[in-house]
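**Student:** First the structure, which I've put down as structure tokens, then a few questions once you've had a look.
Bear in mind that the values in this text are calculations on the coordinates, not laboratory data. Predicted model only: the values in this text are computed from it and were never measured. Backbone-built Cβ (ideal geometry, glycine too); neighbour counts: all protein chains shown.
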Amino acid sequence: MNKRTCVLLVDDDSGTNFINKLILSRVSSSLPVETVLNGKEAIDFIKSSRNKDVVSEQYFENILIFLDINMPVMDGWCFLEAFKLLPDDYKKNVSIIMLTTSLNPEDKLRSDTYSEVSGFYNKPLSIVIVKEILNTHFSY
């Protein structure tokens, strides 16, 4: 993984974000992990991280998003709709994993209708799942 790769946790639950950050750091201590509390903040993060005109630590070429479904302001489904409308260069090298407590099979089926979603997992993350996802998306 290079310096321009990060994980973005999109979840309104600070406890879940804390645990997921801990697990991610155990797998790769050098991987930057950012957190936002809803889909709107995630869209804003993507836009700012793709601004190549601004030299900053916020610029990332590769972003792995762990996306919750139920959040205030903009939920996971609304995020996916907004993400689809972004310019292609903003969406390039962004991988989205749904990470939810939902046991509703309809949520999994719905996520399958989005080509932007590359995986659907139930919380909590585990070291095994994180390694599998990083291997798939970043040749970890």
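**Student:** Lys pairs in the range 5-138, Cα-Cα under 19 Å, at least 8 apart or on separate chains: how many?
**Tutor:** 14
**Student:** Let me ask another. Taking the mean number of other Cβ atoms within 10 Å as a proxy for protection, how do you rank 69-78, 37-46, 21-30 from highest to lowest?
**Tutor:** Ranking the peptides 69-78, 37-46, 21-30 by packing returns 37-46, 69-78, 21-30.
**Student:** Mind listing P(r) for the chain? All alpha-carbon pairs, 10 Å bins, whole percents.
**Tutor:** Here the calculated profile for the chain is 12, 46, 37, 5, 0.
**Student:** Assuming 0.36 nm per residue, please report the length gained on full extension of the stretch Tyr59 to Ile19 beyond their Cα-Cα distance. Walk me through the intermediate numbers first.
**Tutor:** Numbers: separation 40, 0.36 × 40 = 14.40 nm, distance 2.48 nm.
Full-extension gain reported as 11.9 nm.
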